[in-house]
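Comments concern the structure below.
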Amino acid sequence: MSTSVLKPGKVALISGGASGIGRAIANLCLAKGMNVAIVDSNIVATKEFVASSKEKYQSATIDGYQEDASNPRAWSLLKKDFIKRFHRIDFLVLNAAIHTKSNWKDPTSFTKTMDVNYFGYLNGISTFFDEITASTVEDPKVVVLTGSKQGITNPPGNPAYNASKAAIKSIAESLHFDLRDNATTHVHLLVPGWTYTGMTGSSGDKGKPNGAWTPEQVAEYLTEKMEKGEFYVICPDNEVDEATDKKRMAWTAGDVIERRPPLSRWRDDWKEKAAAEIHGA
């Protein structure tokens, strides 16, 4: 199973690794004896992670790269230093994302989001493609791409973010398919539920809401599903269970199949029927 990559001496590279889910995955890797490098645009948080991690895990090789994930040249330069320092890569986690508000009158609001949330992932895949596909039974490789339920059910409010995460779902599925004959390179699409992170929390708030999961819960759930070999890692949270997620996704797909208006679940003339179907109301 792909959790065989989570072993002492293996190497993880995690984008968006200085906070939130990325940091939780990095800490999980370190706890399992792995060597870890993170990539993050926040230089202060990156330095803090590296310093605190080196203090706690003194035998591990730990590094951090402050980088704009949307810049292909930055990835190329990172790779040269990374391979020189770590010599290998076993676990590539592409997780960096922004949540810029969409504005239909300003296409740059879409461009900025897609540059980080979509092309940032493609840059990581293309940069390390040869390394992550050069796997054997004794030396498996794993790629995890962090998507979002908003990229599946497409709720109103932020079409740029939704589109970027829908694109991640698409490339993750295609990467998994294109590597179908490579039995030792494993690809997973991580789809968190409501998770309390730096991106979803707000400054001055009162802490984690009861309904949200912690990033650590998401990281643990990911390893559970990796162990089972599941591609789609659809996380529940403390408010939405797996059964409800399935019904929401099925309703969204039903808009196409039944020729309903798009996003019918949120329309006044459909919302009661949708709620009855999803929640039994």
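For the structure I just gave you, tell me whether A183 is small (G, A, S), assigned to a helix (DSSP H, G or I) and loosely packed, with under 15 Cβ neighbours inside 10 Å. Here the answer is no, as A183 does not meet what is asked. Counting the residues of the stretch 57-76 that are surrounded by fewer than 19 Cβ atoms within 10 Å (Cβ to Cβ), under 16 Å from A97 (Cα atoms) and among the charged types (D, E, K, R) gives 1. D268 passes every criterion in (1) at pLDDT 95 or above; (2) touching a helix residue (DSSP H, G or I) at 6+ places or on another chain (Cβ under 7 Å); (3) in a loop (DSSP other than H, G, I, E, B); (4) not hydrophobic (A, V, I, L, M, F, W, C) apart from (2). Contact map, the stretch 71-96: first residue under 21 Å from I171 (Cα atoms), second residue among the basic types (K, R), Cβ cut-off under 6 Å, separation 6 or more or different chains; pairs are D90/K10; D90/K141. Just one residue in the set A250, A276 is over 24 Å from the mean Cα position of the chain (by Cα) and not in a loop (DSSP other than H, G, I, E, B); that residue is A276. Out of the residues in the stretch 52-74 meeting the condition of being closer than 15 Å to G17 by Cβ and polar (S, T, N, Q), tell me which one is nearest to the chain's Cα centre (by Cα). Among those residues, the one meeting the criterion is Q66.
Figure legend. Inter-residue proximity from the stretch 223-245: first residues in contact (Cβ under 8 Å) with a residue 60 or more places away in the chain, second residues assigned to a loop (DSSP other than H, G, I, E, B), beta-carbon distance below 7 Å, spacing 6+ or different chains. Indicated pairs: T223/L6; M226/M1; E227/M1; G229/M1; D245/P236. The set of residues in the stretch 23-56 being surrounded by 15 or more Cβ atoms within 10 Å (Cβ to Cβ) and among the hydroxyl-bearing types (S, T, Y) consists of S41, T46, S53. No other residue among V233, V187, V191, V218 is under 19 Å from I25 (Cβ atoms) and in contact with a Pro (Cβ under 6 Å, 6 or more places away or on another chain) apart from V218. Could you check T136 against (1) closer than 26 Å to A45 by Cα; (2) surrounded by fewer than 21 Cβ atoms within 10 Å (Cβ to Cβ) and say which number it fails? Status for T136: all satisfied but (1).
The values are calculated or read from the model by the stated rules, or taken from the named source; none is laboratory data. None of the values given here were measured: they were computed from a predicted structure. Cβ coordinates were reconstructed from backbone atoms using ideal geometry, including for glycine residues, and neighbour counts include every protein chain displayed.
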